[in-house]
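Here's the structure we're looking at; comments come further down.
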Amino acid sequence: MTIYAVGDIQGCVEPLQQLLEKISFDPSRDQLWSTGDIVNRGPKSLQTLRFLKNLGPSFRMVLGNHDLHLLATAKGHRKPTPKDTLDEIYNAPDVDELTAWLQHQPVLIHDHGYVMIHAGIPPQWSLAIAKQRANEVEQVLRSDDSEKLFMHMYGNTPDHWQSQLPEVERLRVITNYFTRMRYCDAEGKLELNCKLAPEHGPAGFKPWYSHPQRETAEEKLIFGHWAALEGRYCGDRLFPLDTGCVWGKCLRILNLNDKSYVHCDCSDQNQQKPGG
Ligand SMILES: [Mn+2]
C-alpha cells in the first residue's frame, strides 16, 4: 500500500484525476489523503465531492474552511457569498448524502507517523492537546447540535485560546486554528487577515510553524490552506501541499512512504483568476 496526500483541490477534479493516473493510484491497494478544501472557488465542486466520496475507505480527509462553509450554507445557517461556486451542490439530488458524509470527516488525522490538518496547529499546543481540541469540534459536528458550530464559527475573535472561554467561542477559536490560521505569535495569538507569503507577513507575527518553541516540532505535519507558500520548503518535517491549483498552478501530491512530491502537468490549466 502507498499512502498519498493531496493539497487543496477546490473543485479541480480534472487535475486530480490526471495526477492519480500519473501515480497509478489504485483504490483497492493505495490510500489518498486530502488536506481539505476539496470544494469551492474552482469549477467542479459537485463532481469532486462525488468522486472522493466514491473512493470509499481508500480516501481520508481533514476538513478545511471551505468544506465547513459548504456545510454551513447547505444547511441554511449562512448565506453563500458571490465568490462561492457551490450552487450545483445545493441543487444536487444527492446533496443530503454528500453533506452528511462531509460532516463526518475529522479535523485532524494522526496515523502512519504523520499528522494532517488543513491550516495548522498553534505553537503552544502539543499533539495530545491538539487531538483533544480537534475531537471537541468533531463531536459537535456529528451531533444534533451541529448548528451550534455552523451558526457561530464565523469571526476572528477571540484571537487566542483561553481555557475559560464560553463554548461557542471555544469552538470558534479551535476551528480558526485548524482551518484558517497562517500567522500567529508564540502564544498562539492569531492574525487572520494576511494571506501573503512569509516575507510579506504582518509585523509581530510569524507563520504558525516557524515559532522555535512549537510543541509539535518533532511531528511530521501535512497541511494545506496557504497557497502563497507555493509549496516552498518550510522544514524537514513540514509538508505544505496547497500549491494553488485553483489559481492556475499545479496540484501537489505527497507520497508518504518515500516523502516525494508529484505534481500534475498543469501548464494549460487556468482554473480561476487569483483573488480569494
Ligand atoms: Mn483553506
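The values are calculated or read from the model by the stated rules, or taken from the named source; none is laboratory data. Just so we're clear, the structure is a prediction, and the values are computed from it rather than from any experiment. Cβ coordinates were reconstructed from backbone atoms using ideal geometry, including for glycine residues, and neighbour counts include every protein chain displayed.
Mind listing just one residue for me: the one in the stretch 1-31 that is among the acidic types (Asp, Glu) and assigned to a helix (DSSP H, G or I) and, of those, surrounded by the most Cβ atoms within 10 Å (Cβ to Cβ)?
Here the residue is Glu14.
So how many residues does the stretch 155-182 have that are touching a residue at least 24 places away in the same chain (Cβ under 8 Å) and either in contact with a Lys or Arg (Cβ under 7 Å, 6 or more places away or on another chain) or away from the ligand (no atom under 16 Å from the Cβ) (or both)?
7
Could you tell me whether Ala186 is more than 30 Å from Asn54 (Cα to Cα), part of a loop (DSSP other than H, G, I, E, B) and of a type in the set (A, V, I, L, M)?
Against the criterion (more than 30 Å from Asn54 (Cα to Cα), part of a loop (DSSP other than H, G, I, E, B) and of a type in the set (A, V, I, L, M)), Ala186 qualifies.
Restricting attention to the stretch 209-241, which residues are within 15 Å of the ligand (Cβ to nearest atom), farther than 15 Å from Ala130 by Cβ and of a type in the set (A, V, I, L, M, F, W, C)?
Listed by number, the residues that qualify are Trp226, Ala227, Ala228, Leu229, Leu241.
Restricting attention to the stretch 1-13, and to residues there that are more than 16 Å from the ligand (Cβ to nearest atom) and within 19 Å of the chain's Cα centre (by Cα), which single residue is nearest to Gly248 (Cα to Cα)?
Ranking the candidates gives Val13 first.
Would you mention how many residues in the stretch 47-70 are surrounded by 22 or more Cβ atoms within 10 Å (Cβ to Cβ) and away from the ligand (no atom under 13 Å from the Cβ)?
Residues meeting the conditions: 3.
Hey, can you tell me all the residues within the stretch 127-151 that are of a type in the set (Gly, Ala, Ser) and under 27 Å from Pro80 (Cβ atoms)?
Ala134, Ser143, Ser146
Are there helices (runs of 4 or more DSSP H) fully within the stretch 39-156 with at least 1 residues that are more than 27 Å from Met1 (Cα to Cα), at pLDDT 95 or above and out of contact with any Asp or Glu (no Cβ under 9 Å at 6 or more places or on another chain)? List them.
65-74, 87-90, 95-103, 127-141, 147-150
For residues that are surrounded by fewer than 21 Cβ atoms within 10 Å (Cβ to Cβ) and either over 17 Å from the mean Cα position of the chain (by Cα) or of a type outside the set (S, T, N, Q) (or both), tally how many sit in the stretch 126-139.
Number of matching residues: 9.
Could you give every pair whose Cβ atoms fall below 6 Å, whose first residue belongs to the stretch 110-124 and is among the small types (Gly, Ala, Ser), and whose second residue is in a strand (DSSP E or B), counting only separations of at least 6 or pairs across chains?
Gly120/Phe223
Pick from the stretch 71-89 the residues that are over 18 Å from His225 (Cβ atoms) and of a type in the set (D, E, K, R): which of them is surrounded by the fewest Cβ atoms within 10 Å (Cβ to Cβ)?
Top of the filtered list is Lys79.
Restricting attention to the stretch 140-151, and to residues there that are surrounded by fewer than 17 Cβ atoms within 10 Å (Cβ to Cβ) and of a type outside the set (Lys, Arg), which single residue is farthest from Arg214 (Cα to Cα)?
Only one residue fits best here, namely Asp144.
Within the stretch 209-249, work out how many residues are touching a strand residue (DSSP E or B) at 6+ places or on another chain (Cβ under 6 Å), in contact (Cβ under 8 Å) with a residue 60 or more places away in the chain and not in a strand (DSSP E or B).
6
Could you list, in sequence order, the residues of the stretch 189-208 that are within 16 Å of the ligand (Cβ to nearest atom), assigned to a loop (DSSP other than H, G, I, E, B) and out of contact with any Leu (no Cβ under 8 Å at 6 or more places or on another chain)?
Matches in the stretch 189-208: Leu192, Asn193, Cys194, Lys195, Leu196.
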